[in-house]
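Input: a single structure, listed below in structure tokens.
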Amino acid sequence: MVLLTFNIVNIEAETKKSTDISDEERLKITESNTKAILRILDIHEIKASFFIEISIAEKLQNLLKAISAQGHEIAFFNKDSNLEKIDEVKKSVQNFLEKQIKGIRQKNHQFSLEELKSIGFNYISNIDNADILFPFKRLKRSSEIIEENGLSIVPESISPYSQLPYNDFVFQALPMQYYQNMVFETLKKDDFVLVYLDSWQFTDMNKYQFKIPFYRSYNLGKKMEDKLEAFLFWINEKELATSRMKDYIF
């Protein structure tokens, strides 16, 4: 099973030019990038899970409604919001979507299982920082979803052969054929492969001139769209099963 997920986050990088890009403009970039992702998913008839960053969720009501209307899952990504803010936004989004938010993803700022359960989450999908040193961080991990304190904890996927994680950086950096082979071989051993990309990766860097580290500066924008297109075409060609996170877990 391929669990395809997207982190919907504003790009935080500074610009190369003297003029700054406002938060409102960054939000518009995020919305445009997400619409590009939705278009590609729709073409290939694949459903995914969208983890919306807490601080921008209520500002993207129309976008969230469009994501939900196309049959995709809405979940949350927490960057640095406190528990009270998460609870507030969760109730607000559930109200205007008329659907329950079951999942949350954390990276730097992490709450305990008890705290997340207390505000109604059913599963957690935490991720690591995708930087250039990630291959040296860890070589082993459990590939099974575990239940703890009434919550399902979904681990990051790592290839048992190459030891590469299926994070946003790896998708961006690897040649598509190598990545596809890695997914195919992993599915022979594990029940699922959890893939995640960031919405900012679909930004046209030539247009906005953001300052991006050298190792993250290639295959962005239209090239990222093309890679996603190629990946989804391959998934359908090989008849690999896909699922939203909540459907696979529950």
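The values are calculated or read from the model by the stated rules, or taken from the named source; none is laboratory data. Because the structure is predicted, anything quoted here is derived from the model rather than measured. Neighbour counts run over all protein chains shown; Cβ positions are idealised from the backbone, glycine included.
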(message) Criterion first (surrounded by 12 or more Cβ atoms within 10 Å (Cβ to Cβ), among the β-branched types (Val, Ile, Thr) and closer than 17 Å to Leu3 by Cα) does Ile235 satisfy it?
(response) yes
(request) Can you tell me which residue among Thr19, Thr30 is buried (at least 21 other Cβ atoms within 10 Å of the Cβ) and hydroxyl-bearing (Ser, Thr, Tyr)? (result) Thr30
(request) Could you pull out the residue among Val183, Val195 that is β-branched (Val, Ile, Thr) and within 23 Å of Asn10 (Cβ to Cβ)? (result) Val195
(request) Collect the residues in segment 127-158 that are at pLDDT 90 or above, of a type outside the set (A, V, I, L, M, F, W, C) and either surrounded by 15 or more Cβ atoms within 10 Å (Cβ to Cβ) or within 18 Å of Ser49 (Cβ to Cβ) (or both), keeping them in residue-number order. (result) Ser152, Pro155, Glu156, Ser157
(request) Considering only segment 108-121, state which residues are in a loop (DSSP other than H, G, I, E, B) and surrounded by 16 or more Cβ atoms within 10 Å (Cβ to Cβ). (result) Phe111, Ile119, Phe121
(message) Just to be sure before I move on: is Ile212 hydrophobic (A, V, I, L, M, F, W, C), within 30 Å of Ala13 (Cα to Cα), more than 15 Å from the chain's Cα centre (by Cα) and buried (at least 17 other Cβ atoms within 10 Å of the Cβ) in the structure I sent?
(response) yes
(request) Please note which strands (runs of 3 or more DSSP E) are completely contained in segment 145-250 and include at least 3 residues that are without any contact (Cβ under 8 Å) to a residue 40 or more places away in the chain and within 26 Å of Asn122 (Cβ to Cβ). (result) 146-148
(request) Name the residue, out of Ile54, Ile11, Ile74, that is at pLDDT below 95 and buried (at least 16 other Cβ atoms within 10 Å of the Cβ). (result) Ile11
